[in-house]
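Written below as structure tokens is the structure these notes are about.
The values are calculated or read from the model by the stated rules, or taken from the named source; none is laboratory data. Because the structure is a prediction, the values reported are computed rather than measured. Here the Cβ positions follow ideal geometry from the backbone for every residue, glycine too, while neighbour counts run over all protein chains shown. Quick note on the areas: whole protein, heavy atoms, side chains included, nothing else; ligands and nucleic acids left out. Shrake-Rupley method; radii C 1.70, N 1.55, O 1.52, S 1.80 Å.
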Amino acid sequence: MFRLLMYLIPLALTIYAFIDCLNTPEDEAKHLPKIAWVFIILLFWIVGPVAWLAAGKLRTPPANGRTPSEWHRNHRTQYVAPDDNPEFLNSLKAENKKDEALLKDWEADLRRREEELKRRESGEDPKDAS
């Protein structure tokens, strides 16, 4: 069991440091370019990840809730509850109007068919629809 831990802990540390390095923006990598840190982490199996975690990254929380990608920071969506979202409410109104129109058409068709059925049962000639 101890032999297995001797390999799993450094492997987990290397994977964590590698992913952390890849997700770090370029301007937050200290002392070396980010690509150099990636190679150090992968080539020096135990020393590389420890060096990255100790000295490779700015550990202060960045302003404005920065994400790894600049695009994500500038394109965040503001989520609103459905009952407060005017677009969602308008789409419900439009869908409701469409459903009401469809229901009216079905009711008119049902009345027409019922009248036609009554005429057939009473023996009257059906009126020409054309």
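Computed values, structure above
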read-out: Residue tally, condition open to solvent by less than 70 Å² (accessible area, probe 1.4 Å) and among the β-branched types (Val, Ile, Thr), over the range 18-34; value: 1
read-out: Criterion violated by Leu89 - all others in (1) hydrophobic (A, V, I, L, M, F, W, C); (2) modelled with pLDDT of 85 or more; (3) more than 25 Å from the chain's Cα centre (by Cα) satisfied; value: (3)
read-out: Condition broken by Arg3, with the remaining ones in (1) at pLDDT 90 or above; (2) open to solvent by 100 Å² or more (accessible area, probe 1.4 Å) satisfied; value: (1)
read-out: Test: residue in the range 35-57 that is modelled with pLDDT under 80, open to solvent by 90 Å² or more (accessible area, probe 1.4 Å) and basic (Lys, Arg); value: no
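Each row is one residue, and each column tells you yes or no for (1) touching a Ser or Thr at 6+ places or on another chain (Cβ under 9 Å); (2) farther than 30 Å from Glu28 by Cα; (3) surrounded by fewer than 10 Cβ atoms within 10 Å (Cβ to Cβ); (4) modelled with pLDDT of 85 or more.
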residue	(1), (2), (3), (4)
Asn64	no, no, yes, no
Thr77	no, no, yes, no
Ala81	no, yes, yes, no
Lys97	no, yes, no, yes
Leu102	no, yes, no, yes
Asp109	no, yes, no, yes
